[in-house]
Amino acid sequence: MSEFSEIENKIIEYIKKYLPFREEHILSTRELAVQIAEKYNVDIYKTSISALCHDLGKRYKDEEMKKIILECDNKEYPNYITGALLHARVSAIIAENEFGIKDKEILSAIESHTVGHGNMSMLEKIIYASDYLEPTRKIETANKIREKIFIDFDEAFLDVVLESINFVLSKKQYLSDKTIELYNSLVIKN
């Protein structure tokens, strides 16, 4: 998939304009996600759009994201919910409102890429994992997991979830109940 569709080009233009500081990460996430999707026969177009949109909300500060969510969802978040968690929902809102993306699977993949949930689709898992594993991130453990994801997806995905949980705990930050649900759903299956 060397050429981008019209919608992908519009999203990339948006990224260049509003998120130049995230462009390298987003494009690297997309590249890895597409490679994983090809390996496991997941829709490449949906994967590409989801990966390109996953961090669109990062252009806003926490208070702006809370306002966007309040306006769209009529939902308020407490102060301990920060941009790390808010941006996924805002990214899905931008994808839908700016780019007319209505596909529920794509929107769900964008929205669940930070905390996950207990019944994730393969597309959702690919975006979640690719966001963590993409090569421009300098995470030592990611290199080993990145290789493993093409050999044993389920085992590698569990490793990504564990690494993500460990990171949140090491920072003494709020751990979403959805992430706990995700972890439990994976270990119950094993």
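The values are calculated or read from the model by the stated rules, or taken from the named source; none is laboratory data. Source: prediction; values computed, not measured. When we count neighbours, we look across all protein chains shown, and the Cβ atoms used for this are built from the backbone with ideal geometry, even at glycine. These accessible areas exclude ligands, DNA and RNA; they are computed on the full protein's heavy atoms, side chains included. Shrake-Rupley method; radii C 1.70, N 1.55, O 1.52, S 1.80 Å.
When region 119-141 is limited to residues that are part of a helix (DSSP H, G or I) and more than 16 Å from Ala51 (Cβ to Cβ), the one that is modelled with the lowest pLDDT turns out to be Glu140. The listed residues are Lys46, Lys10, Lys66, and the only one of them that is open to solvent by 80 Å² or more (accessible area, probe 1.4 Å) and over 21 Å from Lys148 (Cα atoms) turns out to be Lys10.
Taking (1) over 17 Å from the mean Cα position of the chain (by Cα); (2) within 24 Å of Cys53 (Cα to Cα) in turn, Leu158 satisfies each apart from (1). With Ala84, Ala109 as the choices, which residue is closer than 20 Å to Leu32 by Cβ and of a type outside the set (Val, Ile, Thr)? One residue alone meets the criteria, Ala109.
Filter region 30-43 down to the residues that are in contact with a Phe, Trp or Tyr (Cβ under 9 Å, 6 or more places away or on another chain) and part of a helix (DSSP H, G or I), then identify the one that is least open to solvent (accessible area, probe 1.4 Å). For region 30-43, the residue satisfying everything is Ile36.
Can Lys75 be described as open to solvent by 80 Å² or more (accessible area, probe 1.4 Å), outside any loop (DSSP other than H, G, I, E, B), over 22 Å from Met122 (Cα atoms) and not hydrophobic (A, V, I, L, M, F, W, C)? Spelling it out, it is not the case that Lys75 is open to solvent by 80 Å² or more (accessible area, probe 1.4 Å), outside any loop (DSSP other than H, G, I, E, B), over 22 Å from Met122 (Cα atoms) and not hydrophobic (A, V, I, L, M, F, W, C).
Note on region 165-190: among residues that are part of a loop (DSSP other than H, G, I, E, B) and not charged (D, E, K, R), the one that is modelled with the lowest pLDDT is Asn190.
Restricting attention to region 168-180, the residues that are under 15 Å from His113 (Cα atoms) and not polar (S, T, N, Q) total 5.
Inside region 142-164, residues that are open to solvent by 20 Å² or more (accessible area, probe 1.4 Å) and part of a helix (DSSP H, G or I) make up a count of 11. Filtered by the rule that a residue be open to solvent by less than 80 Å² (accessible area, probe 1.4 Å) and under 18 Å from the mean Cα position of the chain (by Cα), region 165-185 gives Ile165, Val168, Leu175, Ser176, Thr179, Ile180, Leu182, Tyr183.
In region 3-23, the residue that is nearest to the chain's Cα centre (by Cα) out of those that are free of Cβ contacts under 8 Å to residues at least 12 places away in the same chain and not in a loop (DSSP other than H, G, I, E, B) is Glu23.
Just one of (1) closer than 29 Å to Asp154 by Cα; (2) open to solvent by 10 Å² or more (accessible area, probe 1.4 Å); (3) touching a residue at least 24 places away in the same chain (Cβ under 8 Å); (4) out of contact with any Leu (no Cβ under 9 Å at 6 or more places or on another chain) fails for Tyr80. It is (1). Against the criterion of being assigned to a helix (DSSP H, G or I) and under 16 Å from Glu124 (Cβ atoms), Ser91 qualifies.
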